[in-house]
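Below: the structure, in structure tokens.
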Amino acid sequence: PLSSPHRWQKIFKSRLVGLAVAYGNTVFVVLIVILVLLLFEGPEGVGGGGGVWWGQTHPALCSLLRRLVTLISQQAVLGASSEAFRKQAEGASQAARRYMEDNDALRKVLRMVGRGG
């Protein structure tokens, strides 16, 4: 699904997003301009009734868009971190299991040697 952290991680690790991060403010301003143009285009035409609405909500919408991008980015980073921690924990668990099995085998050998066998 689109909401999968793995998918967002791939998106944020892509070369295109890397360029967007490098030119973050420029890209953000361009996206806002495109959004403004889309909002001004409406049933009333360019500069129609949408202009009053946009003027009242512009700061709030910019803040909302920045916050949304920030949250999605943080979710992708946390998803990658949790995946790495999960793999690390699985590796540690397997190592502990092997050490316990080796310990049990050594105890058996020591018991047999202690019996003179």
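All of 90, 83 fail the test of being surrounded by 10 or more Cβ atoms within 10 Å (Cβ to Cβ), within 17 Å of residue 6 (Cα to Cα) and of a type in the set (Asp, Glu), apart from 83.
Please work out which one of (1) at pLDDT 75 or above; (2) open to solvent by less than 50 Å² (accessible area, probe 1.4 Å); (3) over 24 Å from residue 77 (Cα atoms) is the condition residue 45 fails and give its number. So the condition that residue 45 fails would be (1).
The values are calculated or read from the model by the stated rules, or taken from the named source; none is laboratory data. All of these numbers come straight from a predicted model, not from anything done at the bench. So basically every Cβ, Gly included, is an ideal-geometry build from the backbone, and we count neighbours across all protein chains shown. The accessibility values were calculated without ligands, DNA or RNA, using every heavy atom of the protein model including side chains. Shrake-Rupley method; radii C 1.70, N 1.55, O 1.52, S 1.80 Å.
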